[in-house]
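Encoded as structure tokens, the structure appears first; notes follow it.
The values are calculated or read from the model by the stated rules, or taken from the named source; none is laboratory data. Note that the coordinates shown come from a computational prediction; the quantities given were computed from them, not determined experimentally. So basically every Cβ, Gly included, is an ideal-geometry build from the backbone, and we count neighbours across all protein chains shown. Please note that ligands, DNA and RNA were not included when accessible areas were found on the heavy atoms of the full protein model with its side chains. Shrake-Rupley method; radii C 1.70, N 1.55, O 1.52, S 1.80 Å.
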Amino acid sequence: MKLAIVGLWHLGTVISTGLSSLRKNTIYCFDEEGIVKNFKKNKLPIIEKNIKKILKKNFKKNIFFLSDFNKLKEFDTVWITYDTKIGKSDFSDFDNIFLKFKKIFKYLKKKTLIIISSQLPIGSIKKLELYDKIKLKKKFRFVYIPENLRLGKSLEIFLNSSDIIIGLRNQSDKKLVCKAIEGINSKKHFVSIETAEMTKHVINSYLACSIAFINEISKIASSHNVSFSDLEKTIKTDKRISPNAYLRPGNSFSGGTLARDVNYLIREGKKKSFNTKLLKSIIKSNKNHSQWIEKIINRQKGLKNKTILQIGLSYTSGTTTIRRSLPFEIFKRLKKNLNIKIFDEFLRNKSLEIEKIRNYFEFSTKNNKFDIIIIFNNDYNFKIIKKFVKKNSLIIDINNYYKKDCLKNNFKYKSLEYDY
């Protein structure tokens, strides 16, 4: 079948690339002219494993890029994949994306099946249906498939997820939806649109709660010299707790996606005058935990004269975006008053987002030693890390990536396990 995909940032890039790799349908991707030109040159907004290679292989074979939205009237099925903008307070801008929807809807023919995977608050599809019924009268049929991607592993997750949630109104649309995602061998759960919308909020809020919970537990555990790795294993012996549960202390959650869905639920509760203290406490706990690195740094004597190296800047390893990245947020706060450099070769060589801060990047390991080294990822062999360390350097290793090596070399070492 011919399938149109509209919106080419992270979500649209992953879905269109993934579907093109299956070779079941012909994929036509739509966005603004400048974005489309970049895709034709294989210049992508975000680079993740295998995406560039697949697009280059399938370009003009079964995936095409267009900026003429008038051609959308040729499609029976249109999949909208605009990423929803998230503000600094972790609330998404529904008004902005609704304007994009309205622009696209005017190009579509009557009775088009519209699949939406953009991140929307519960009740959004009902608003779009009402808009069509009152204003457009095109009798659109809507399907909501919430995305469950994670930066760095998005393509793998999209193609190999064990389950896919599909919210629809009309059972008769099942066949056409299955045709659009043909080749993805996930178990398909057909539910109401509102259930699909709510599923996304609850999953992300649950994950956010788990992360905030274990990070608070880490403070108490470390004060008694509890081994986190042993604690994680013993907790997971309880069969009611998943082996994949977030029970390893680390960074606070960032990127806006988890906080966005917690805030959705808080806002919905407020509308109904429900007490949502637990949900509100997740946001507060996470914000407090995000500042622990700066608390360690600010305790150091003679800080103004010290040099700092931050290893890792992106949202997560294996991706080129720094948008809503916790390491990037911490870097911005530290660079205001301190002498800080960045070591992240993946970003320095491939990212389109770092031009304004490129002069902060350190790319030579020769004769460059730092007083404080903050480690956010484990992309590098310890031999490289060691080259930046001098006699009294402090190493802040967020996720205990290089714990054994640092302790073996008697380096001054701080982590969640060795801070509180």
Review point. Which residues, counting only those in the stretch 325-340, are open to solvent by 60 Å² or more (accessible area, probe 1.4 Å) and not in a helix (DSSP H, G or I)?
Key: LYS336, ASN337, ASN339
Study note, to complete from the structure: ASN378 vs (1) without any contact (Cβ under 8 Å) to a residue 60 or more places away in the chain; (2) within 29 Å of the chain's Cα centre (by Cα): all pass except (1)
Review point. What do you reckon, is ASN38 part of a helix (DSSP H, G or I), farther than 24 Å from THR77 by Cβ and at pLDDT below 95?
Key: yes
Review point. So which of SER273, SER281, SER314, SER254 is open to solvent by less than 20 Å² (accessible area, probe 1.4 Å) and among the polar types (S, T, N, Q)?
Key: SER314
Study note, to complete from the structure: Within the stretch 9-23, of all residues that are closer than 22 Å to THR319 by Cβ and not hydrophobic (A, V, I, L, M, F, W, C), the one most open to solvent (accessible area, probe 1.4 Å) is SER21
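Can you pull out every residue in the stretch 71-120 that is in a strand (DSSP E or B) and in contact (Cβ under 8 Å) with a residue 40 or more places away in the chain? Write out each step before concluding.
Of the stretch 71-120, the ones in a strand (DSSP E or B) are 77-80, 86, 92, 113-116.
Selection gives THR77, VAL78, TRP79, ILE80, ILE86, SER92, LEU113, ILE115.
Looking at the stretch 82-96, is at least one residue aliphatic (A, V, I, L, M), open to solvent by less than 70 Å² (accessible area, probe 1.4 Å) and more than 19 Å from THR195 (Cβ to Cβ)? First the steps, then the outcome.
Quick first cut of the stretch 82-96, residues aliphatic (A, V, I, L, M) only: 86.
Filter once more, keeping what is open to solvent by less than 70 Å² (accessible area, probe 1.4 Å): 86.
Still in the list and also more than 19 Å from THR195 (Cβ to Cβ): 86.
Yes - at least one qualifying residue is present in the stretch 82-96.
Among LYS404, LYS386, which is assigned to a helix (DSSP H, G or I), open to solvent by 80 Å² or more (accessible area, probe 1.4 Å), within 13 Å of ILE311 (Cα to Cα) and not polar (S, T, N, Q)?
Details: LYS404 fails: within 13 Å of ILE311 (Cα to Cα).
One residue alone meets the criteria, LYS386.
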Review point. Quick check, is THR26 of a type in the set (Val, Ile, Thr), in contact (Cβ under 8 Å) with a residue 24 or more places away in the chain, within 16 Å of THR77 (Cα to Cα) and open to solvent by less than 60 Å² (accessible area, probe 1.4 Å)?
Key: yes
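Matching residues to (1) closer than 30 Å to SER229 by Cα; (2) part of a loop (DSSP other than H, G, I, E, B); (3) open to solvent by 50 Å² or more (accessible area, probe 1.4 Å):
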position	(1), (2), (3)
ASN349	no, no, yes
LEU352	no, yes, yes
ASN359	no, no, yes
ILE372	yes, no, no
SER393	yes, no, no
TYR413	yes, no, no
Practice item. Would you be able to tell me the number of residues in the stretch 176-203 that are open to solvent by less than 10 Å² (accessible area, probe 1.4 Å), under 30 Å from SER285 (Cα atoms) and touching an Asp or Glu at 6+ places or on another chain (Cβ under 9 Å)? Key: 1
Exercise for review: Output the number of residues of the stretch 160-170 satisfying the condition of being part of a helix (DSSP H, G or I) and in contact with a Ser or Thr (Cβ under 7 Å, 6 or more places away or on another chain).
Suggested key: 0
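Here is a check on your reading of the model: is PHE75 over 20 Å from LEU113 (Cα atoms), among the hydrophobic types (A, V, I, L, M, F, W, C), at pLDDT 95 or above and open to solvent by less than 70 Å² (accessible area, probe 1.4 Å)? Quick ask: steps written out before the conclusion?
Details: over 20 Å from LEU113 (Cα atoms): no; among the hydrophobic types (A, V, I, L, M, F, W, C): yes; at pLDDT 95 or above: yes; open to solvent by less than 70 Å² (accessible area, probe 1.4 Å): yes.
When the stated conditions are applied, PHE75 does not pass them.
Can you tell me which of ILE214, ILE308 is aliphatic (A, V, I, L, M), more than 30 Å from GLU194 (Cβ to Cβ), crowded, with 17+ Cβ neighbours inside 10 Å and touching a strand residue (DSSP E or B) at 6+ places or on another chain (Cβ under 9 Å)?
Details: ILE214 fails: touching a strand residue (DSSP E or B) at 6+ places or on another chain (Cβ under 9 Å).
Every option except ILE308 fails the conditions.
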